[in-house]
Amino acid sequence: MKPILVSACLLGTPCRYDGNSKPCAAVLALQKDYRLIPVCPEVLGGLPTPRTPSEICGDCVRMKNGQDVTQNYRAGAQKALEVACAEGCEIAILKEKSPSCGCGLIYSGVFDGRLILGDGITTALLKKNGISVWGETQIENEGLHLK
């Protein structure tokens, strides 16, 4: 079966900043046709669960309390890329709006709830290395159509 890298929270793993998961039925349904490879870049980068919310602020990632966690996010992104490469993943389905996994839209960086155009740290690294990244609503709305 073709492997797909997937945000672990979308598969039901309680690894989000709030200690919860965000299982996505459309993503879970892909298990019948694909080998889903779960990753949580934030946990891979050494951050605990639960943890203080973070947002991308310019070239840095900061927690709401001001702590700079850029290195954690970069390390987690690198480890997620290594997993994707080791498993032969050409596609990733990642949690939208996340500072690590967001694809196309992320939070503004000032903790005001606004979304701005941009990609999370992991998404940007995966794309830079030729991996196609999808958000969960793309799967819910369009399904996964591979050639």
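A few notes on this one:
- Filtered by the rule that a residue be closer than 21 Å to residue 74 by Cβ, part of a loop (DSSP other than H, G, I, E, B) and without any contact (Cβ under 8 Å) to a residue 60 or more places away in the chain, the range 112-141 gives 119, 129, 130.
- Out of 69, 83, 110, sole residue that is at pLDDT 95 or above, more than 15 Å from the chain's Cα centre (by Cα) and closer than 15 Å to residue 40 by Cβ: 69
- Of all residue pairs spaced 6 or more apart or on separate chains, those with beta-carbon atoms under 8 Å, a first member in the range 19-42 that is modelled with pLDDT of 95 or more and a second member that is assigned to a helix (DSSP H, G or I) and of a type in the set (Ser, Thr, Tyr) are 41/73; 41/122; 42/73.
- Yes/no for residue 72 being in contact with a helix residue (DSSP H, G or I) (Cβ under 9 Å, 6 or more places away or on another chain) and within 20 Å of residue 19 (Cα to Cα): yes
- Near pairs, Cβ below 7 angstrom, 6+ apart or cross-chain, from the range 77-91 (without any contact (Cβ under 8 Å) to a residue 12 or more places away in the chain) to any residue that is of a type outside the set (Phe, Trp, Tyr): none
- Hits in the range 116-147 (condition: more than 19 Å from residue 82 (Cα to Cα) and exposed (fewer than 14 other Cβ atoms within 10 Å of the Cβ)): 116, 117, 137, 140, 141, 142, 143, 145, 146, 147
The values are calculated or read from the model by the stated rules, or taken from the named source; none is laboratory data. Remember, it's a predicted structure, so these values are computed and weren't measured experimentally. For neighbour counting, all protein chains shown are included, and Cβ atoms are generated from backbone atoms with ideal geometry for every residue, glycine included.
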